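So the structure is just underneath, and the comments pick up after that.
The values are calculated or read from the model by the stated rules, or taken from the named source; none is laboratory data. Since the structure is predicted, the reported quantities are computational estimates derived from the model, not experimental observations. Note that we place each Cβ from the backbone using ideal geometry, even for glycine, and neighbour counts take in every protein chain shown.
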Amino acid sequence: MVETMILAAILDSLKDPVLFADTAHVTRYMNRAAVAYYKEGETLIGRSLLDCHNERSQQMMIDILAEMQAEGLEERLITDNEKHRIYMRAVRDLAGQVLGYYERYEPPVVKEKA
């Protein structure tokens, strides 16, 4: 089994933010890029992600997590703008049970002018 220290170092080496929340939407881990990206930084750890979002986004996150748990959904696009795309991605244990989710970032899709 890979040591926790090594896994954290791997995640910290990524240039994109990685924020993991459990099934109660509580932030449990942030890599260095996430700590730098979010204005509240490390203080988000141990707090509900729902508190950081408006009512519409909160409901979307609750619904997506429910789909992950009940229907086996693995990933859903939650934000698509000129800065980036953000996906909510399921994290499962070896038995397939959802442990939580993380936000996965992608650069924006550059649309060519016709």
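At-a-glance table
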{"item": "Number of the condition not met by Leu44 [criteria: (1) closer than 18 Å to Tyr105 by Cβ; (2) of a type in the set (A, V, I, L, M, F, W, C); (3) in contact with a Gly (Cβ under 7 Å, 6 or more places away or on another chain)]", "result": "(3)"}
{"item": "Answer from Leu73, Leu11 - the residue that is of a type in the set (A, V, I, L, M) and modelled with pLDDT of 95 or more", "result": "Leu73"}
{"item": "Close pairs from region 80-91: first more than 13 Å from Met61 (Cβ to Cβ), partner at pLDDT below 90 and among the charged types (D, E, K, R), Cβ under 9 Å, at least 6 apart", "result": "His84/Asp16; His84/Glu106; Arg85/Arg104; Arg85/Glu106"}
{"item": "Conditions (1) touching a residue at least 60 places away in the same chain (Cβ under 8 Å); (2) of a type in the set (Lys, Arg); (3) surrounded by fewer than 12 Cβ atoms within 10 Å (Cβ to Cβ): number failed by Lys15", "result": "(1)"}
{"item": "Boolean, Tyr38 is at negative phi, touching a residue at least 60 places away in the same chain (Cβ under 8 Å) and not aliphatic (A, V, I, L, M)", "result": "no"}
{"item": "Top-ranked residue in region 18-30 [being in contact with a helix residue (DSSP H, G or I) (Cβ under 6 Å, 6 or more places away or on another chain) and closer than 14 Å to Cys52 by Cα; ranked as surrounded by the fewest Cβ atoms within 10 Å (Cβ to Cβ)]", "result": "His25"}
{"item": "Any pair with Cβ under 9 angstrom, 6 or more apart, that starts in region 46-74 at a residue that is more than 10 Å from Met88 (Cβ to Cβ) and ends at one that is small (Gly, Ala, Ser) and loosely packed, with under 14 Cβ neighbours inside 10 Å", "result": "Ser48/Ala24; Gly72/Gly96"}
{"item": "Unmet requirement for Val2, which otherwise passes all of (1) among the hydrophobic types (A, V, I, L, M, F, W, C); (2) free of Cβ contacts under 8 Å to residues at least 40 places away in the same chain; (3) touching a strand residue (DSSP E or B) at 6+ places or on another chain (Cβ under 7 Å); (4) not in a helix (DSSP H, G or I)", "result": "(3)"}
{"item": "Subset of region 65-77 (residues that are farther than 16 Å from Thr27 by Cβ and within 16 Å of the chain's Cα centre (by Cα))", "result": "Ala66, Glu67, Met68, Gln69, Leu73, Glu74, Glu75, Arg76, Leu77"}
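Here's the yes/no breakdown for (1) closer than 22 Å to Leu14 by Cα; (2) among the β-branched types (Val, Ile, Thr); (3) modelled with pLDDT under 95:
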position	(1), (2), (3)
His25	no, no, no
Ala33	yes, no, yes
Tyr38	yes, no, yes
Met68	no, no, no
Ile86	yes, yes, yes
Ala90	yes, no, no
Glu103	yes, no, yes
